[in-house]
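Here the structure is laid out as structure tokens; the discussion comes afterwards.
The values are calculated or read from the model by the stated rules, or taken from the named source; none is laboratory data. Predicted model, so just to flag it, every value in this text is computed and none were measured. Heads up, the Cβs are rebuilt from the backbone with ideal geometry, glycines too, and the neighbour counts pull from every protein chain shown. Protein only, heavy atoms only, side chains kept; ligands, DNA and RNA dropped before computing areas. Shrake-Rupley method; radii C 1.70, N 1.55, O 1.52, S 1.80 Å.
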Amino acid sequence: MPLVSIAMYVTSQPLADATAELWSFLRRTLSQAGLEDLPETLDQSIPYDEAWLRPDLLLSQTCGYPYVKNLRGKVRLVATPVYDHPGCDGPSMCSFIIARKDSPLRSLEDLRGTTAAINSPDSNSGSNLFRAAVAPFARNGRFFGRIIETGSHGGSIAAVAEERADSAAIDCVTYANIRRFDADLLQDIRIIAETPKGPGLPFITSGDTSDEKVLLLRRALDATIREPSLATTRATLGLIDFAVLSEADYEPLLSLARDALPPLRPHRF
């Protein structure tokens with residue numbers, strides 16, 4: 001049975017339920033197109049980043065920076081979701097740089113020498129776009145005084161709210177989801193800047209997937225946008241379209257990395 005793991009935007013129950021409904025429709029559509037032995041439910045047993053390189057992968061969603069840095073040539077791009085949230089522009093998106101509401105920090109330059117929280121050094125939204133935003137203000141290749149790694153955007157928001165960090169960069173889709181479904185987490189947080197935009201989180205399939213099957217996946221995803229019964233599901237996810245991007249469309253994410261500061265990595269003590 002092929003593996004289907006869609007786990008990037010499922011942190012609250014309404015999002016998890018809507019993602020499950022999306023897959024249920026995709027499964028029916030793909031079955032009608034001739035694909036057999038599809039899983040009834042999304043896999044929740046395998047860490048999402050381990051699913052990306054599984055040879056039995058049918059469909060998953062990855063972050064743009066890991067894709068362009070490590071996954072190109074090993075997986076195939078299927079389509080990139082287009083979300084209807086502040087900070088999104090077609091299939092491109094930015095991150096919101098946050099600080100505490102009571103913080104004196106008001107601009108990117110004010111962050112020099114402070115403590116930044118990142119969800120992961122390989123995250124496009126939480127690290128790569130973050131360092132691209134502050135790079136123009138760096139001195140001698142350095143900007144932040146200290147980096148801590150939190151493991152998730154929610155963890156980074158908590159680190160800022162709890163004064164363990166002064167700032168963080170939060171994926172604009174994640175920020176919108178938290179604002180709608182877990183607004184209490186943002187009560188002590190404000191946005192001070194936006195990062196540059198880059199292509200969003202693509203849906204991928206195994207590198208061995210045939211052209212015919214990739215086309216079926218794209219058609220099924222496109223059908224989710226046109227299906228009247230999924231209107232509530234799409235609204236919950238903020239999903240309005242899918243775009244088919246190329247490897248070249250993701251290349252600028254590497255260019256941002258090359259032109260910015262060295263990778264943001266937590267300090268070890």
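Using the structure shown, decide if residue 134 is crowded, with 23+ Cβ neighbours inside 10 Å, under 16 Å from residue 61 (Cβ atoms) and more than 13 Å from the chain's Cα centre (by Cα). Taking the combined requirement at face value, the residue does not satisfy it. So for region 199-212 (the condition being surrounded by 14 or more Cβ atoms within 10 Å (Cβ to Cβ), under 23 Å from residue 104 (Cα atoms) and in contact (Cβ under 8 Å) with a residue 60 or more places away in the chain), does at least one residue qualify? No, region 199-212 contains no residue that is surrounded by 14 or more Cβ atoms within 10 Å (Cβ to Cβ), under 23 Å from residue 104 (Cα atoms) and in contact (Cβ under 8 Å) with a residue 60 or more places away in the chain.
Taken over region 224-261, the residue count meeting the criterion of being farther than 21 Å from residue 77 by Cβ, part of a helix (DSSP H, G or I) and modelled with pLDDT under 95 is 2.
Somewhere in region 169-183, is a residue assigned to a strand (DSSP E or B), open to solvent by 10 Å² or more (accessible area, probe 1.4 Å), at pLDDT 95 or above and over 28 Å from residue 3 (Cβ atoms)? So far as region 169-183 goes, no, none of its residues is assigned to a strand (DSSP E or B), open to solvent by 10 Å² or more (accessible area, probe 1.4 Å), at pLDDT 95 or above and over 28 Å from residue 3 (Cβ atoms). Listed by first and then second residue, the pairs linking a residue in region 31-42 that is closer than 17 Å to residue 214 by Cα to a residue that is charged (D, E, K, R), with Cβ atoms under 7 Å apart and 6 or more places separating them unless they lie on different chains, are 38/27.
Each row is one residue, and each column tells you yes or no for (1) more than 30 Å from residue 187 (Cα to Cα); (2) at pLDDT below 95.
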position: 56; (1), (2): yes, no
position: 60; (1), (2): yes, no
position: 66; (1), (2): yes, yes
position: 80; (1), (2): yes, no
position: 85; (1), (2): no, no
position: 88; (1), (2): no, no
position: 92; (1), (2): no, no
position: 98; (1), (2): no, no
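Only one entry in 77, 105 is surrounded by fewer than 24 Cβ atoms within 10 Å (Cβ to Cβ), part of a loop (DSSP other than H, G, I, E, B) and aliphatic (A, V, I, L, M), namely 105.
Listed conditions (1) touching a residue at least 60 places away in the same chain (Cβ under 8 Å); (2) touching a Lys or Arg at 6+ places or on another chain (Cβ under 9 Å); (3) not in a loop (DSSP other than H, G, I, E, B) are all met by residue 158, apart from (1). Can you say whether residue 11 is outside any helix (DSSP H, G or I), free of Cβ contacts under 8 Å to residues at least 40 places away in the same chain and under 22 Å from the mean Cα position of the chain (by Cα), as far as the supplied structure shows? For residue 11, the condition - outside any helix (DSSP H, G or I), free of Cβ contacts under 8 Å to residues at least 40 places away in the same chain and under 22 Å from the mean Cα position of the chain (by Cα) - is not met.
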